[in-house]
Structure formats: structure tokens, C-alpha cells
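*Asks:* Quick one: structure below, then a few questions.
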Amino acid sequence: MAYRKDWFLAVVLGLSIPFAVIALDGMETKLLVFALLLMVIFCVIAPLKNKEQLFLYLFALVLCVKLEKNFFISEKYLQLSTTSAGFGIALSDIFLAFLYFFWWRRSWRSSSRLDRRLIIFFAVYMAFLALIFVSLANSESLILSLYEFKKRAQVLFILIYISMNVRSLAQIKGVVMMLFAGIILSSSVALLQYKTGGNLGLRFLGEADTFYNQGLEGSSEVIRRVSGLMPHSNSFGMYLCLLLPIAISLSLSNIEKKVKYISFLAATAGLLGLTLSFSRAAIIGFVLAMILLMILRFKSIFSSGNRIQILLYGVILTMGLSVFIGKIIGRFTSTTAMNMDARYMLNEAAFRMIGAHPFAGIGLNNFGPKLDFYDVHGITQFARYPAHNIYLLIAAETGFISMCVFVSFIVMVVVAGMRAGVSSGDHFIRAFATGASCGILAVMLQGMVDFSMLVPVFYVLFFVICALILAARYTVETPGAAHV
């Protein structure tokens, strides 16, 4: 089928991206601008049948890595350990711009149909953006706020484009398969990192410069926590925590065999990657997501057609526990006092910020710059990081109302996903929507003890999944659907 050719072409082009990034990174500014212009011209005039769909798949593929090209980074901002430290133009930004260009050109021939219920979702997220914009008035470092606001605003364009333009089952399958290719790629890199004990030199793909080696309290053992193609092991764990429920849900569904096998391969690779991240919050979130998934899809998962897959998952789980159970238990039973104290002090500072500025916050992305004014324990001397709780961090930086609007939006998306998982007439849509909803809930749970969700490398991916849920619920037409 035609969409499979687009998958193959997207993967081939995706594999060439690292070399292009390396080449661009070494260019002078003038040559860089010239090279980018040539790339734009080529993409516009390239003799491909469906360039818009190809760029949609490429957009999904690059979300597994941090392909950022930063044109401005300040050492001062880096020292503040904010969620965004520079104005980044990522490949996802470029591909999204192309998608809007092709959409605009396509709109000359035919107009896009809009389910009016989507307007409610757009309006709620725009309200979130408006409240964020108000918080900029309290920013000590306005430039840092603008860097972060660009990322938040980009999500609105993602929600609009995907929810309105992913109209066919083939398209949503294509996007999901690209995300699964990312799981396999990133988890394979994680395995190589763990086995070789060295950094593979893939920093152009987002690989962390160094491993986050976790010591165990009262023990000389150090756990090598790898991060795949993510900047940190916690980000890697959260990435897999979001996508793995989708892969497992699809692998245990009555869908096309090839798609089912690819889902199983992605799930197997992702389970290994999640283990090697040794992220406690990600593991707990994933387990709870699996429990919820089993409850929601119990009859279809434990049908006779899934006996082999369930047996294989049981074997994989048994083998994994036999190898890593000691280190996993060590991560949960041995936590340094300094680590816990630092998290407590950062979150306490967040409460102080919320008390001082409950409505507009202290300014988007300004937790680091203003931490000195709310730190009563001297934590800035050894750990200057954002609050390790996304709800406290959002409320501290942009206000309590902003946080409530943000949570309301996520709840609306999860409800839409759960309804699509029940009412859709297609097995793929039902399995995807349910798995995606469970993944989102797992990430929101993990966000109670970490801030990785708000890091640019993950934030965009999270809302791509939200947008795909909206498309599955309100845009993709399937036989027997009962959208109410």
C-alpha cells in the first residue's frame, strides 16, 4: 500500500538526518543560512507524490531524539538549570512549518472539515497560553520566559494541525509506526551504552554527554543509568512510560499482523530501555498504566488470539527480573538523604513562590533565577534545579489558575481517549486511544516527582500524543463509530 512506501522513505530520510545535522553544525552562519534555504527549496520542489504525509512521518520520527540547533545559549542561563536555556530551532519546528505550508497550499483546492468540539480543546489551551503570557510581567529574566513561551505556543500549532489533518486510519498508523521506530532506535542505543560502558558520541542525536551513574546508599555499587537518545535517564524513562502502553495495547489487539508484530518489537525494546533507565518514577508509572490498561481492555487482551504474545511477555519479564531485579530493588530501597532533601527544599521553595504570587506566578521559566529569594535552606549552593513536581512548577511560574487550566486540558484529552477506546468501530483506534490515555496518565503521575515533562525534548512529543487522541476521537472516520 502507498502509505507503507511513505513509511520506508521516511525511515531512510530519517537515517540521513544525523549526517545533515553534523554538517550544518560545522558551518559558518552565512553558509548555514544558505544551506537551510537550499533545503527549503528542495523540499518544496521535490517530485514526490505526497510530501505532506512524508513530512508528517518525518516529524513523528525525529521526536525520539533531541535534534536541536541552538542559535543562542548563555552560560548564565545554563548555570540556572532552567527547562530551556537557549533559543532552539529544532527539526521538528522546521517540519511543522513545512506541514503548515503544504496545508495552506492544499486549502486552495479543498477546505478542511472541523469538528466543532475541537474548538473547545483549542480554546482551553489558548487560555493556558494567555495565562502564561500574563506571567511574563513578573519575570526577572524575560528572555528566558520568551524562550519557553515559544515551546508552549508551538504545541498549539501541533494540536491544530494533527487533530484537523490526520483524517485516515492509514495516517494515524503511519505516525504511530514512526514513533515505534524511535522507541527501537533509542532503546538500541541505550543497550549499547549499557553494554559498552561508554558514551557513543551521538550528542547530535540528543545523547547525553555523560551517564547519570546512581550510587546506592550504604553500598559501593554504582548503577549505570543510560538515557538512549534523551538528555537524561529520567527523560528517557518518561518517554518510554508514555509510548510503551500504546505499543503493548496494540500488540495485544486484533489488528493487522505486521502492525501487531512491529508493536510487539517496539514494546520489547522499550521494556529493556525502561529497565536500563532505572527511573523509579517511570517504572511505577508504567506499572500503574499497565494495571489500568488491563482493567480497561481485559476481555480483548486475554483473548485466545493473544496467548503467544502473553506467553512471550511473561518470558521477557521473567528474564528481565532475573538479571536486573537486584539493581531495581536497590534503586527503590536505597536513596541518598541529600537527594530527597534537595527535592523537598525545591518543592518547599515552590510553595513559597505560589504563596507570594498565586495568580500570575513568578514568571515562566524563572524558577532558577528567582530561587535565591525563596530559598531558606541554602539549596542554591549545591542544587539549583526546577521544582521536582510539574504541578508545583507550573503553579509557581505561571500561577495556580494556569496549573488548573493545564490539568483540565489533560483531563479532557484523557476522557476523549477513553471514549474513543469504547466507541470507535476500529480495533486499531480503540487499542491506540486506550493505550495513549494510560500513557498520559502515567506521565502525569510521574510528574509528581519530576519535571522532565516540561523539558522541550519531551513536551512536544507529549502533546503530539494528545493531538493524535483528538484526531482518533473527532477526525478519523471508522466504520461503526459512534461519536457522541
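*Asks:* Test residue 250 against the stated conditions and say whether it is crowded, with 24+ Cβ neighbours inside 10 Å, at pLDDT 85 or above and farther than 20 Å from residue 320 by Cα.
*Replies:* yes
*Asks:* Can residue 306 be described as surrounded by 14 or more Cβ atoms within 10 Å (Cβ to Cβ), over 19 Å from residue 389 (Cβ atoms) and among the polar types (S, T, N, Q)?
*Replies:* The answer is yes for residue 306.
*Asks:* Just one of (1) surrounded by fewer than 21 Cβ atoms within 10 Å (Cβ to Cβ); (2) within 22 Å of residue 128 (Cα to Cα); (3) over 17 Å from the mean Cα position of the chain (by Cα) trips up residue 426, so point out which.
*Replies:* Condition not satisfied by residue 426: (2).
*Asks:* Related question: Between a first residue in segment 336-358 that is within 10 Å of residue 387 (Cβ to Cβ) and of a type in the set (D, E, K, R) and a second residue that is at pLDDT 85 or above and surrounded by 13 or more Cβ atoms within 10 Å (Cβ to Cβ), which pairs have beta carbons less than 6 Å apart while being 6 or more apart in sequence or on different chains?
*Replies:* 343/388
*Asks:* Within segment 339-367, take every residue that is among the aromatic types (Phe, Trp, Tyr) and part of a helix (DSSP H, G or I) and give me the one that is surrounded by the fewest Cβ atoms within 10 Å (Cβ to Cβ).
*Replies:* 344
*Asks:* If you scan segment 96-136, which residues turn out to be of a type in the set (Ser, Thr, Tyr), without any contact (Cβ under 8 Å) to a residue 24 or more places away in the chain and farther than 14 Å from residue 52 by Cα? Please lay out each step first, then the result.
*Replies:* Initial filter on segment 96-136 (of a type in the set (Ser, Thr, Tyr)): 100, 107, 110-112, 125, 135.
Still in the list and also without any contact (Cβ under 8 Å) to a residue 24 or more places away in the chain: 107, 110-111.
Selection gives 110, 111.
*Asks:* So which pairs qualify, if the first residue must be in segment 164-188 and closer than 15 Å to residue 99 by Cβ, the second must be among the acidic types (Asp, Glu) and surrounded by 22 or more Cβ atoms within 10 Å (Cβ to Cβ), the Cβ gap must be under 7 Å, and the two must be at least 6 apart or on different chains?
*Replies:* Qualifying pairs under 7 Å: 174/6.
*Asks:* Give segment 278-312 a look and list any residue that's among the hydroxyl-bearing types (Ser, Thr, Tyr) and free of Cβ contacts under 8 Å to residues at least 24 places away in the same chain, or say none. Full working, then the answer.
*Replies:* Taking segment 278-312 as the starting set, the residues that turn out to be among the hydroxyl-bearing types (Ser, Thr, Tyr) are 279, 300, 303-304.
Of everything in segment 278-312, just one residue is among the hydroxyl-bearing types (Ser, Thr, Tyr) and free of Cβ contacts under 8 Å to residues at least 24 places away in the same chain, namely 304.
*Asks:* Could you give every pair whose Cβ atoms fall below 6 Å, whose first residue belongs to segment 137-155 and is farther than 30 Å from residue 60 by Cα, and whose second residue is assigned to a helix (DSSP H, G or I), counting only separations of at least 6 or pairs across chains?
*Replies:* Partner pairs satisfying both residue conditions: 139/145; 140/369; 140/370; 141/369.
*Asks:* A further question follows. Being more than 14 Å from residue 60 (Cβ to Cβ) and outside any helix (DSSP H, G or I) narrows it down to one residue among 129, 114; which is it?
*Replies:* Going through 129, 114 in turn, the sole match is 114.
*Asks:* Quick one: which residue in 135, 139, 187, 163 is at pLDDT below 90 and crowded, with 21+ Cβ neighbours inside 10 Å?
*Replies:* Answer to the selection: 139.
*Asks:* What do you reckon, is residue 170 within 20 Å of residue 413 (Cβ to Cβ), small (Gly, Ala, Ser) and modelled with pLDDT of 80 or more?
*Replies:* no
*Asks:* Given the conditions (1) in contact with a strand residue (DSSP E or B) (Cβ under 7 Å, 6 or more places away or on another chain); (2) at pLDDT 80 or above, and given that residue 222 satisfies all but one, which numbered condition is not satisfied?
*Replies:* (2)
The values are calculated or read from the model by the stated rules, or taken from the named source; none is laboratory data. Remember, it's a predicted structure, so these values are computed and weren't measured experimentally. Ideal geometry is used to build each Cβ from the backbone, glycine not excepted, and the neighbour counts take in all protein chains shown.
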